[in-house]
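Read the structure below first, then the notes.
The values are calculated or read from the model by the stated rules, or taken from the named source; none is laboratory data. Worth saying up front: this structure is predicted, and the values here are computed from it rather than measured. Backbone-built Cβ (ideal geometry, glycine too); neighbour counts: all protein chains shown.
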Amino acid sequence: MSQVVSSGGRPFGRSMRAPVFYGLALGSTAPLALVAVFLPGVLGGLRASATLAGVVGAAAFLGPLLVWRRYAAEIASAGGLYAYVERAAGTNVARVHGAIWIVSYFLYLPSTVSQVAYAVLPSAYPAMGGLRPALELVIPAALVVGLAFWRLGLYAVTALVGVALVVVTVVVAAVELAHSGTGSAGIGLHVPAVTAGNGAAAASLLFVCASLPLYFGAELERATARTRRGLSVAFAVAAGALVVGALALVNLPPALLGGEVPGATAVGVFAGRGLADVVVLAAAASLLVLVLLEYVAITRLLTVMTPLRPRSSEAVVGGTFLLSCALSLLGPDGAYEQLLEPSLVALYLSLLVVFVVYPRWRARERRLDAADVVATALATALMLYGVLATLVPSAV
């Protein structure tokens, strides 16, 4: 099988070592944010069938993962998903995909910073309430400056944080399981099938940011092999975290599933305030790792899509990021909720393009098989579900 490695005509250099890439890939799946922040809201209402929904949700995302892996076997580029669409359907379609993708993450960046500064951190440290406006500006400024002047070092630190977050995820799940038990494993269908299906689909969509490592393809030696391995390992870890986290939800009292970081609420009750505060800090770090990876991915994509050089792309993206965070101070408490819906819809639509054009590429290469058809159907259905569930929640 041929391997095509492209940097989109822009210099990035083979500057990233494989262990750093794998750590960043773990961060992109955000296992701690997945288990401690998002999963209780997605599966908390399915407690009797939470594990079943978690297993089905993880299995369903094997569709998108297979598509990305087969693209990645031949294409490694700073353009990430854009390069895939361009190879499959041409530059015009790729530009549509890329534009929608950029809009999605430009909305997500300031909203996530607001979530960390105004909701997550103050939930454990109320005294930080007066610092929230400053955090809204300091966090993005530190990220922009760090990437401009200490990029490789920041990558390495972020990769270490990604690994550390897996350890914290294991601790959270272990504490919850030790105190809640698994007397009712939640693997049976104890809720209506439609309810369980909605929960499984929503859980599957928690992996949607796992494609972010693809935008580092131009910075790796042996890029195609390492990209595929990184995607697989990160997904396996996150899928395991999802299933174990779902198992822990089955017997947790509903009162422990609230708060800005539900995982910290449960840990605080079972193991004390000190460990709960660690979980909050780790959850904030998990979200900020995503912000960093999304920021870098946008700069890479912009460099490939436009005549801009990497430094110019970083200046444009950095300036826009800082400005959007400053503007979010006009309504920071509602920024996350207001920006999340359009961001998610745009993300699902952009990914839908990636999956819809995939069979065309495989058929042209005379390699379309039954696994491709099944994977495309699963991936497409998930993205359509995501759009519908976000725009018309009552319809699903």
- Turns out the helices (runs of 4 or more DSSP H) fully within segment 117-193 with at least 1 residues that are of a type outside the set (S, T, N, Q), in contact (Cβ under 8 Å) with a residue 60 or more places away in the chain and under 25 Å from A315 (Cβ atoms) are 132-149, 151-180
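Yes/no matrix, rows are residues, columns are (1) more than 25 Å from A159 (Cα to Cα); (2) among the basic types (K, R):
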{"residue": "L275", "(1), (2)": "no, no"}
{"residue": "I298", "(1), (2)": "no, no"}
{"residue": "T306", "(1), (2)": "yes, no"}
{"residue": "R309", "(1), (2)": "yes, yes"}
{"residue": "E337", "(1), (2)": "yes, no"}
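Table: residues versus (1) at pLDDT 90 or above; (2) of a type outside the set (S, T, N, Q); (3) touching a strand residue (DSSP E or B) at 6+ places or on another chain (Cβ under 7 Å).
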position: S324; (1), (2), (3): yes, no, no
position: Q338; (1), (2), (3): no, no, no
position: L344; (1), (2), (3): yes, yes, no
position: V356; (1), (2), (3): yes, yes, no
position: A370; (1), (2), (3): yes, yes, no
position: A375; (1), (2), (3): yes, yes, no
position: L378; (1), (2), (3): yes, yes, no
position: A381; (1), (2), (3): yes, yes, no
position: V396; (1), (2), (3): no, yes, no
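Conditions tested, residue by residue: (1) crowded, with 21+ Cβ neighbours inside 10 Å; (2) among the β-branched types (V, I, T); (3) farther than 18 Å from A119 by Cα; (4) in contact with a helix residue (DSSP H, G or I) (Cβ under 6 Å, 6 or more places away or on another chain).
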site	(1), (2), (3), (4)
S312	no, no, yes, no
L322	no, no, yes, yes
G331	no, no, no, no
L344	no, no, yes, yes
V354	yes, yes, yes, yes
A370	no, no, yes, no
- Message: Here's a check for you: in segment 339-380, which residue that is small (G, A, S) and touching a residue at least 24 places away in the same chain (Cβ under 8 Å) is nearest to A94 (Cα to Cα)?
- Response: S350
- Does V317 satisfy being part of a helix (DSSP H, G or I), in contact with a His (Cβ under 8 Å, 6 or more places away or on another chain), surrounded by 22 or more Cβ atoms within 10 Å (Cβ to Cβ) and among the aliphatic types (A, V, I, L, M)? no
- From the options L281, L247, L252, residue that is in contact (Cβ under 8 Å) with a residue 40 or more places away in the chain and more than 18 Å from S180 (Cα to Cα): L281
